[in-house]
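Read the structure below first, then the notes.
The values are calculated or read from the model by the stated rules, or taken from the named source; none is laboratory data. Not measured: the values here are computed from a predicted model. Positions of Cβ are generated from backbone atoms using ideal geometry, with glycine treated the same way; all protein chains shown enter the neighbour counts. Calculation scope for accessible area: heavy atoms of the full protein, side chains included, ligands and nucleic acids excluded. Shrake-Rupley method; radii C 1.70, N 1.55, O 1.52, S 1.80 Å.
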Amino acid sequence: MNTTTSDHAAAARFVDVFAAADFAGDVGPRMSCTEVDALAGMLRAVGADIAADT
């Protein structure tokens, strides 16, 4: 897997979907701690630190 390049459009779409204000409240309670940590890590990896902290 090449990790030196990224698809910026896909990363922006990912952030738009998973950083939505209602996402954490709707889906968060159904996620395990491991899943939440992985999602937060991915959000941080694409520069969405505020969304990752929510």
**Study point:** Pairs, first closer than 16 Å to residue 53 by Cβ in the range 13-39, second open to solvent by 90 Å² or more (accessible area, probe 1.4 Å) and modelled with pLDDT of 85 or more, C-beta under 6 Å, six or more apart
**Key:** none
Review point. Any idea which residue in the range 18-54 is nearest to residue 7 (Cα to Cα), counting only those that are assigned to a loop (DSSP other than H, G, I, E, B) and under 9 Å from the mean Cα position of the chain (by Cα)?
Key: 46
